[in-house]
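To keep things clear, I will list the structure first and then write my remarks on it.
The values are calculated or read from the model by the stated rules, or taken from the named source; none is laboratory data. None of these values were measured; they are calculated from a predicted model. Note that each Cβ is placed from the backbone with ideal geometry, even for glycine, and that neighbours are counted across all protein chains shown. For accessibility, only protein heavy atoms count, side chains too; no ligands or nucleic acids. Shrake-Rupley method; radii C 1.70, N 1.55, O 1.52, S 1.80 Å.
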Amino acid sequence: MSPRRRSDPRLNDRRAEICRTAAQIFLVRGFDATSVNDVARALGMTKAGLYHYFPSKEALLFEIMTFGLDRVRDDVIVPVRTIRDPEERLRQILVRHGRIATLGRGVIANLADETRALPPGPRKKVERRMRVYFDLVRDTLAELKGAGRLRDIDVTVGAFGVLGLILWLPRWFREGGRLSNEQVADDVANLALGGLLRPPVTSARRPPAKPRRRT
């Protein structure tokens, strides 16, 4: 991609529009079942016009994934690394990523299932970045386990479960419905934490003292 193309804000805006539209179509139909003509038609442009911005459907998918991973890095990974308490860190991971995943009708949803469609080089880049995020979640659960705050759950299973809850959100969430994306993100966080964490230990209540008899 040439520097001139990146520096032109009109081209950048159009690229963003193409990515949003294509991401939604890929999410609904699947990458393999979506043709370049399908994306071009949805945007009201020609196939040749689409190729002006992206040399291939795979290049378009890679840019969508890169954009989504950049958002997770900037809005989730970087802020939560500063949180010392692992329980609060885990909650913020769930809430922050949940809000991203439900924003814009799944436009920036992580299309993790479609990673296999990328060429080897881009696929390795995406998988490396996904691994960084997975390790953050897993390490947070391991920290909770070391402190005796995690239920008897394997931390790898727990990490995949947490990410699965988030990544499934764009499949069913609809903007403008009964619940806002903030409410849904909070509920998912509460659901996950309730299943992962041991309930707080409360001290047994002492029975009330019997009144002394007067002699």
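Miscellaneous remarks
- With all protein chains in place and ligands, DNA and RNA left out, the 1.4 Å accessible area ranks PHE160, PHE62 as PHE160, PHE62, largest first.
- Area accessible to solvent at GLU143, 1.4 Å probe radius, in Å²: 80 Å²
- Springs between Cα atoms under 10 Å define the GNM used for the chain, and in it the highest mean-square fluctuation of VAL188, VAL76, VAL28 occurs at VAL28.
- Backbone HN-Hα couplings from phi across the stretch 153-166 [Karplus 6.51/-1.76/1.60, Hz, Gly and Pro as x]: 10, 5, 5, 5, 4, x, 5, 5, x, 4, 5, x, 4, 6
- The dipole here belongs to the chain: it is taken about the Cα centre, uses +1 on the Cβ of Lys and Arg and -1 on the Cβ of Asp and Glu, and is about 980 debye.
- Full extension of the chain segment joining PHE67 with ARG116 gains 15.9 nm, where the gain is 0.36 nm per residue of separation less the Cα-Cα distance.
- Most mobile listed residue (LEU90, LEU50, LEU167) in the chain, GNM with C-alpha springs under 10 Å: LEU50
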